[in-house]
Every structure is written in C-alpha cells, then in structure tokens.
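Here is the structure we will look at, set down as structure tokens.
The values are calculated or read from the model by the stated rules, or taken from the named source; none is laboratory data. Please read all numbers here as calculations on a predicted model, not as lab measurements. With ideal geometry, Cβ positions are generated from the backbone for all residues, glycine too; neighbour counts draw on all protein chains shown. Accessible surface is based on the protein model in full, side chains and every heavy atom, while ligands, DNA and RNA are left aside. Shrake-Rupley method; radii C 1.70, N 1.55, O 1.52, S 1.80 Å.
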Amino acid sequence: MTLVTRVATGATAALLGLVVALSSATVPAAAADAATLTGIVLGVGADQAQRTVTWYSSADTAQKVQVVPTEQVVNGEFPADPATFDAVGGANVSGGRFNRHATITNLKESTAYSYRVGADGNWSPVYSFKTRSFEGDYDFLFFGDPQIGSSGDVAKDQAGWVDTVNVATAANPDAELLVSGGDQVETAGTETQWDAFLAPDGLRQYPWVATIGNHDVGSKAYEQHFTVPNTDRSGPLYGNGNPTSNTSGGNYWFIYKDVLFIDINSNSYATSQGGGGDAAHVKYVTDVINQHGNEAKWKVLVFHHAIYSPAAHAQDGDAKLRRVDFPTAFSSLGVDLVLQGHDHSYSRSYLIKNSEKANPDEQPGAAEVTAGPGGVLYITSNSASGSKYYDISAPKTDQPSSGAGNGPDPLNPSTYWYNSVQNQEHVRTYVKVGVRKDRLVVENLRSGTCAAPNAAVEKGLSCDNDPAAKPVGSTVDKVTVHPYNGEGQALSVDVPNAAPGEFGWTIDGYNGLVDLGTAEEKGGDHFEAAGSINPIVVSDNRRSQAPWSISASVSDFSDGAKTFAGSYLGWTPKVVEAGAGARAGNPVVSGFDDKGQGLAKSRGLGSADQGHPKGVAKLGADLTLKIPGDVETGGYRATLTITALSS
Ligand SMILES: [Fe+2]
C-alpha cells in the first residue's frame, strides 16, 4: 500500500492506493516447508505504535509476521490478506539454527491484535498482544536477573521465572512493558537456558525490553534472540570494542508514551577492555537526551551493573568506577530513574546528585521524595526467578559516604550511605513503576514466598519470609518521586484528541484490504459483490471555515492480463460520524445498471461548504460491484484513489 502526497497551488491533494479484491477462484496454499519455529518473543519498538517479534528457525527460509486485529480472526483463521511484515535475519553464529525478526509498525491504540510467524503453510501458533491508549499514565514492570541455570537446575529456575511473570502480569494485566535488568541466562551460548528463559507466555503477550548482563555477553545468542529499536552496535559500545566477535553488546533507546528509555551495555566500562568504556556510554546518553529528551516527560536509564547496590557486588571495583563515571552526568542530564540488576538483592537509593546524597535530611524509607535539580533515583532489583540471591553486605566504616566510597549511612549505619531501603528475604520479587503525569511510583513486590518454585531455597538456602504477613503480591517497598519543577510553578493540562488547526484526512485505523469476497451470480446475466471502504477521517479546524471535499475514483480491475472496467463499481457514501459540516456525496450506481461510468470517474465521497463548523468527521461508503456474466474467472484487484481538496 503506497501513500503519495502532492501539494498543488491553493489546494492540497493526496492519493492513496486502496486495493479492492474480487476473487472467484481458490488458490491452494503453498506447500508447507519443514521449518521448526522456536523462541518466539515480542519486543518493544521505537514507540508505542510498534512491536518487534524475534524467533529461531530450523530452516533458512523466507519468513514473515502476520498481524491482524483479533476481532478479524474467526475460528482461529486469519483474514485473507492480513498486514504482513517480512522478516530478516541470518544463520546463528553457533550454527544449526537461523534467527529471524520483523518490526510491526502502524499499530492502532487500544486494540487487541493477533499475530503469527512463519510462512504460508507453516505458521506458528497464534499469539496476541494489546495496545493501550497512546497517551497518558501507564505502568511497566521491571525484572532482575532471571539468570536461568545459575542454581544448577534449569527446570527449577524456569519454574520460578515462569511463576514470577505469571504473578506479575496477573496482578498488573494492564502493564505495558516488561523491562529486563539483564542476565536473562547463566551461560550466554547455552540455548537450553534461553529456551527456559523464553518459556513464559507473557513474553509473547507483553513487549520484553531486553537488557544485556554479564552472563548474556559471551555469545551472539543475546543479539539473535532480541530485536531492539534504535540500536547502536558500534565498537565503543562493546566491552572488547569488536562487534564482529562472538559477543553481544550495543546500546539503544526508545520513547514509550511519556518516557524516554535508554538501555546501555554496562559490560563495557573501561577502555582497557578494548571498547569505549563508561565515557562512550556517557557520550551516548548525552547525545540521545540532547536529541530526544524534550520528546518525553521522564528519562529512565536501564543497565545491568548496579552502581548503588546493597549486596555482594556493592564493593566491586567496576561498580566503584561507574560510581565515579556516571552520577554527575546523569544528574546534569536530568535523568529521573535508573533501573539496574546484577546484585540479586533489592535496594532503593536516596535521591543522588553528583555522587552525593542530594538532601542529607532525606529519611530512610521515606514514602514520598521530591527531587531537587539533579536528583536521581537508583533501583537495584532482586532475583525474579529465585535462581540465585546475594545477601546484604556491610558498609565500610573506613570509606567515605560519598563518591566511590562504600561508607555507612549516618542515619542508618548498618546500610550503605546511598541507600534508603535495602531488602533480601530470599523470595522472588519484581518492581512495578507507575508513570504518572506528575510523579513516578516505584514499588517492589513479592512474586513468591519461601515455597517452591524457589530454586536457591529448594537447594538449601535459608529463607526469611512469613507467607501470612508477607504473601505473594505484598509490597516490600514503595516510593513516590515528585519531580523537580524548577523555581516557578508547574502547570499541567491534558488536551484531548489532537485537533490541529488545519485540514487533514487519514484512513481510520487499520487500512486493510477491502475484500469484496466471492461474487455471486445474479439474474443469470451478471455477478454481484459488496463491501465497504475503510472509513476516512477528515479533520478541519481552520479558522477560515473554507470548503473541503473528498472524492475517489477506481482503476480497472485486473488479474494478470484479464481485466474488467472500473465503471462496474458503484457506491453509496455515508457520514459515519458527523462533524466539520460533513455531507455525504451522492450515490453512484454500477455502470452495469446505467451504462454509465460508475466510479471510473471521480465522484464525491463527502464535502462541506464555506462557513462549516470546525471538527472531525468520519466518512464511509458501501460498495456495489456488478459485472457482466462473461467476465473470466479470476481474482481481480483494483486501486481506489482518494483525493482531498481544500482551498
Ligand atoms: Fe550479573
């Protein structure tokens, strides 16, 4: 489907190909090939109107994703001509299998979709996802270190991971993203661990926002399993500086509603490793925020290696280095929230500004915090799978309580200076982030108790949780962050559906094929078929109240060399939703009835006169096709060209 826009003096006109199919022949499906399709995972796209789908194939064949509004799926059958997105990919570096991925674009808001991957004759099962309103508040969920395989028992780790995803999405069915804290698996190149990681059905229903951990980095499997938008896979963003080596890496960003997400490969932190180190990440984050920071209300960074964490990795040398390299840049760039993993233990930092506690008076565990300029909240996630937990470690009294130091909190000397809350019970948890127009709400929630599935505990680790007092779904910690609004007063206003001060038109929602089905023989001398065009939305908010009109004409119908005249198509225009002074055009009969030109000649779909009110109208038309009985059998198509005129 192509859209061509041309601008003429004193008028605007746009052409749109709208394909009308008429078929009276059954085409057999292509022969099935033997490709086995595995590891299907839904991913986030560049914005809320996109998704990616990634999978593995046993055969190196051309494949694609088909996507349709679920309401068009009847008895499990897709409509005849669904939206299709061709997949790309290649042979897996480790050999044996092939990776495929495609990006789904132009999704409509608040719509349930069904999708499948593969090729004609060899489709995967049908999966589904929902889009939500493209504006306003939403929740996303954040998961730390599933690290499937790290307990030594992949099946047990999988069971805990599946349970956390199920618990989290059941409790938050309207959550819009599942965000990774990294370390999806224990051993980067071990596909049985990836299969176990990809087991939860939720990973095909909610977009997974992949993050690379130190356990994911040592193979290309991470890059082969996940497709992420706006990816920068240049050398400096790889630990060893070499994207062609058998390692994964790179940074990416996307905007989902009011949040700019930036996801970085923290495996690269020192130039001595061969890559660009932390300086390359600071440059990347700076560039992305400079270019896109004003397109979103909130800035959220995601990376694996926590810099303000409470447990086994808190005093690591690389953590200390990042603690020097990152915080001042993040403060000056106006980052609101940093989501991290790696330490398999939960912590919520105080608001940190330039490597120091922003407000020395912020109290431990405060339920409400207000960020001054430069205040950044850092979250470290506990294990989401139960495969491995690290215990809280003690601060170092001989180190400073600022900068790279691991000194104690003067207000709570058993904890690190930078943390407001630290928690480890050896039960699975996940983090829920509520994005609101005037605040962020961050909550750590239990998705398990000491009971199985809880692999590390099943294998002998102690556990400290009373399931009556702290059951599945209970809150470990919750904080509301109020943003810095500058010296003045923050004002907020919600504008309902945009009404631009101009004239425009668009196809309403899903611009699928207009399928007239199989024509029926009528009266012994002709065939008839009927259908409706995809409605056209017209928006006119010009002060001039100048007239507008929408018209259309159809080409001849063709099937290879066989054709019949477009004049056999007629229509009855209608105003589906009134507004903008819209009046429906006159009905046009099929040329079969009156020997006229039908829609072969340009005809009015709708129009408004000078002085009409501002507003939005939706125009539709019922199509009637009558063709002579001597037209040859075939599946015919034509193009309906739509033209808008406004002065
Ligand atoms: Fe890690």
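In the context of the full set of protein chains, the chain has a per residue accessible area of 40 Å² (1.4 Å probe). Ordering SER57, PRO628, ALA83 by Cα displacement along the dipole of the chain toward the positive end leaves PRO628 in first place; charges were set at the Cβ atoms of Lys, Arg (+1) and Asp, Glu (-1).
Of the solvent-accessible surface of the chain, computed with a 1.4 Å probe over protein heavy atoms with every protein chain present, carbon and sulfur atoms account for 50 percent. Spatially, segment 441-470 and segment 30-103 are offset by 37 Å when compared through their Cα centroids.
Ratio of Rg to Rh for segment 181-245: 0.97 [Cα atoms; Kirkwood radius as inverse mean 1/r over pairs].
Backbone geometry of segment 561-572 corresponds, through the Karplus equation with coefficients 6.51, -1.76 and 1.60 at θ = phi - 60°, to 3J(HN,Hα) couplings of 7, 7, 9, 9, 6, x, 5, 6, 8, x, 8, 10 Hz, x marking Gly and Pro. A cut-off of 5 Å between modelled amide H atoms, ignoring neighbours fewer than 5 places along the same chain, links ALA621 with ILE533, LYS574.
Here segment 68-210 is treated as an ellipsoid with the same Cα gyration tensor; its semi-axes, largest first and in whole Å, are 27, 22, 14. Antiparallel beta bridges, as assigned by DSSP with both residues in the chain, represent about 85 percent of the total such bridges. If you take all other residues with their beta carbon under 15 Å from the beta carbon of ARG323, and give Lys and Arg +1 and Asp and Glu -1, the sum is -1. Ordering 314-325, 447-458, 275-286, 553-564 by mean Cβ neighbour count within 10 Å, with the highest value first, yields 447-458, 275-286, 314-325, 553-564. Each of VAL259, PHE226, THR190 was placed along the dipole of segment 183-265 (beta-carbon charges, centred on the mean Cα), and the one lying farthest toward the positive end is VAL259.
Once each part is reduced to its C-alpha centroid, what is the distance from segment 244-320 to segment 146-218 in angstrom? Here the answer is 20 Å between Cα centres. Taking only alpha carbon atoms, segment 240-290 gives an Rg to Rh ratio of 1.03, where Rh is the Kirkwood radius. Counting only the Cα atoms, segment 352-478 fills a convex hull of 120 Å³ per residue. Under the convention that each Lys and Arg Cβ holds +1 and each Asp and Glu Cβ holds -1, the size of the dipole of the chain around its Cα centre is about 960 debye. Under 5 Å from the amide H of LYS257 lie the amide H atoms of GLN48, each residue being 5 or more positions distant or on a separate chain, with H modelled from the backbone and absent for Pro and chain starts. Distances between every pair of Cα atoms in the chain, grouped in 10 Å steps from 0 to the bin holding the largest one, split as 3, 14, 22, 22, 16, 12, 8, 3, 1, 0 percent.
Packing around the peptides 411-420, 50-59, taken as the average count of other Cβ atoms within 10 Å per residue, puts them in this order, highest first: 50-59, 411-420. Sorting 190-196, 299-305, 588-594 by average packing, meaning the other beta carbons within 10 Å per residue, from highest down gives 299-305, 190-196, 588-594.
Remark: segment 301-306, residue by residue, has Karplus-estimated 3J(HN,Hα) of 9, 10, 7, 7, 7, 4 Hz, where x stands for each Gly or Pro and the curve is 6.51 cos²θ - 1.76 cosθ + 1.60 at θ = phi - 60°. Residues in segment 155-168 carry Karplus couplings, in order, of 5, 5, 5, 4, 4, x, 5, 4, 5, 5, 5, 5, 4, 5 Hz; the curve used is 6.51 cos²θ - 1.76 cosθ + 1.60 with θ = phi - 60°, and Gly or Pro positions show x. For SER268, the amide hydrogen comes within under 5 Å of the amide hydrogens of GLY239, counting only partners 5 or more places away or on other chains and with H modelled in the peptide plane.
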